[in-house]
Amino acid sequence: MNVTGIHHVAFTENGTEVTGALQRLFGLNVAHTEPAEGFTERMLPAGPCYLQALQPTGDGVVQRSVQRRGTGLHHIALQVDDVAAALTELAAKGAQLVDPVPRPGGMGTLIGFVHPRSVGGVLIELVQP
C-alpha cells in the first residue's frame with residue numbers, strides 16, 4: 001500500500017458553524033460543495049490537503065454521528081494510489097473494514113473506510129483520486 005498523504009480531515013457540523021469558523025478564523029474558502037445521501041460535504045483547501053465539513057441533511061451516518069457525539073472530528077482520510085489493493089492488504093493484516101470494496105466518493109474519488117476498532121478508535125478513510 002502506498003499512502004501518498006493526508007487527503008482530508010473531516011468534521012461534522014449541525015448547521016454551518018464549522019464551515020463558518022474555518023472561513024472566519026483561518027481564511028479558508030469552500031472550494032467544493034457536494035450533496036450526498038443524508039449530508040452535504042464542503043471541502044476547504046488547507047495547503048496540500050482539505051478540511052471537510054459534513055452537514056447532515058437527513059437520516060444517515062452523519063446525522064447519527066452528530067446525535068451520538070455532537071459536532072467535531074469525524075474521520076481522517078489518507079490518499080492512496082489504489083483503494084482496492086489497500087483494502088485487500090488491510091483485510092489480510094486483520095483490519096476490520098467498513099467497506100470491503102471501494103465505492104464512489106465525493107469529487108469523483110474512490111473511497112473505503114477502515115473501522116475505528118482497527119485504528120485506536122479513529123475512523124480512517126482511504127481515498128483514491
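Which members of the range 21-42 meet the condition of being part of a loop (DSSP other than H, G, I, E, B) and without any contact (Cβ under 8 Å) to a residue 12 or more places away in the chain?
Result: Gly27, single match.
Pairs please, first residue from the range 80-96 and modelled with pLDDT of 95 or more, second anywhere and part of a helix (DSSP H, G or I), Cβ atoms under 6 Å, 6+ apart in sequence or on different chains.
That search, which allows pairs on different chains as well, returns Val80/Ala86; Ala95/Ser118; Gln96/Arg117; Gln96/Ser118.
Pick from Leu28, Leu22, Leu73: which is modelled with pLDDT of 95 or more and within 15 Å of the chain's Cα centre (by Cα)?
Leu73
Which count do you get for residues in the range 1-30 that are exposed (fewer than 12 other Cβ atoms within 10 Å of the Cβ) and small (Gly, Ala, Ser)?
3
Name every residue in the range 43-61 that is in contact with a strand residue (DSSP E or B) (Cβ under 9 Å, 6 or more places away or on another chain) and part of a loop (DSSP other than H, G, I, E, B), in order of residue number.
Matches in the range 43-61: Pro48, Thr57, Gly58, Gly60.
Kindly provide the set of residues from the range 39-48 that are surrounded by fewer than 17 Cβ atoms within 10 Å (Cβ to Cβ) and either in contact with a helix residue (DSSP H, G or I) (Cβ under 6 Å, 6 or more places away or on another chain) or closer than 17 Å to Leu73 by Cβ (or both), ordered by number.
Of everything in the range 39-48, just one residue is surrounded by fewer than 17 Cβ atoms within 10 Å (Cβ to Cβ) and either in contact with a helix residue (DSSP H, G or I) (Cβ under 6 Å, 6 or more places away or on another chain) or closer than 17 Å to Leu73 by Cβ (or both), namely Ala46.
Looking only at residues that are surrounded by fewer than 14 Cβ atoms within 10 Å (Cβ to Cβ) and over 13 Å from the mean Cα position of the chain (by Cα) in the range 104-124, which one is farthest from Ala36 (Cα to Cα)?
Only one residue fits best here, namely Gly120.
The values are calculated or read from the model by the stated rules, or taken from the named source; none is laboratory data. All figures in this text were calculated on a predicted structure; none of them were measured in a lab. Cβ: placed from backbone, ideal geometry, glycine included. Neighbour counts: every protein chain shown.
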